[in-house]
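Values in this text are rule-based calculations from the coordinates and carry no lab data. Treat the numbers as computed from the prediction; the structure is a model and nothing was measured. Glycine also receives a Cβ, built like all others from the backbone with ideal geometry; neighbour counts cover every protein chain displayed.
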């Protein structure tokens, strides 16, 4: 159902509030540059520091700006099952095409707790759901056997897998079958994941190089594996610099340098350090993203 180069879009701020026009402009940038789906209110969208009202506002604004041209997969996860249900209901009412549901953070649920959490959301809201496994952020790793159980629920159509492991991605493809979308949560293994049966990526790098990320996928599905591999290799340094400090700090700074957003992140994140900024500027010039 969901495939290709999908962007985990940043949330631009201005004077502490959501920069609505900058967000609209970013959506248009992605639609014009070939991004296959837009994912607001994920980790890269600083969902952890958005108020409930702001979260709803960002989802609504992105859906309005997209205007049906590409799918919108709204971040709707929480470590509170009732809150995740509320966010998922809002996403459906707002017109989202699907939701992204992170594993509950801080609580450290068991595998059975994870199964019951996602099952409860699916029982309450009929909308396509993409699970999100990112143990480095949440402290909880959802194992392939649990995902395979959840994949039998009709609403649960895929997983954003961010362990960085091609072995794990292969295990998920084998366990869940060809109709279940295994999506990379790590830009650097986008191409390897496609090679083992994955369906795409929810990308940080696509915020600044959407055309290159989309081209990699387009070449792959067209059977031009050599061109896709060359893009994979070409993009590696750009992927790496996006994590020189905590995401989304580097990618937002890159967008500042590209003239697309203002230099604002929310505490406890802070602006990029000077040494990191100069390293980032050098890479962006090498990729001709800035002059």
| query | For 287, 217, what's the fewest-to-most ordering of other Cβ within 10 Å of each Cβ? | reply | 287, 217
| query | For 186, 97, what's the fewest-to-most ordering of other Cβ within 10 Å of each Cβ? | reply | 97, 186
| message | Given R₀ = 30 Å, what would the calculated FRET efficiency be for residue 224 paired with residue 291, taking r from the Cβ atoms and rounding to 0.05? | response | 0.50
| Based on the alpha-carbon gyration tensor of the range 1-96 and its eigenvalue square roots a ≥ b ≥ c, which shape applies: rounded if a/c is under 1.5, prolate if not and a/b is larger than b/c, or oblate? | oblate
| note | Listed with the fewest Cβ neighbours within 10 Å leading, 58, 283 appear as 283, 58
| task | Take the alpha-carbon centre of the range 171-218, take the same for the range 46-91, and report the distance between them in whole Å. | result | 22 Å
| said: Under the rule a/c < 1.5 gives rounded, and otherwise a/b versus b/c splits prolate from oblate, where does the range 5-58 land using the Cα gyration tensor? | reply: oblate
| note | Expected unfolding gain across residue 31-residue 274 under the 0.36 nm per residue rule, minus the alpha-carbon gap, is 84.2 nm
| request: Assuming R0 = 30 Å, can you tell me the calculated FRET efficiency for the pair residue 196 and residue 141, based on Cβ-Cβ distance, to the nearest 0.05? | output: 0.95
| field | Answer label for Cα extents along the principal axes in Å (calculated), chosen among (1) 50, 45, 35; (2) 52, 41, 37; (3) 69, 48, 39 | value | (1)
| Those residues of the range 80-117 whose amide nitrogen sits under 15 Å from the label point placed on residue 52, 7 Å along Cα→Cβ | 80-91
| request: Return the distance in nm (one decimal) between the two label points of a simple spin-label model at residue 282 and residue 21, each offset 7 Å from Cα along Cα→Cβ. | output: 3.6 nm
| query | Taking the simple approach of a point 7 Å from Cα along Cα-to-Cβ for both residue 233 and residue 108, what is their distance in nm? | reply | 4.3 nm
| Residue-averaged [θ]222 nm for the chain, counting only DSSP H segments that reach four residues, each worth -39500 (n - 2.57) | -14500 deg cm²/dmol
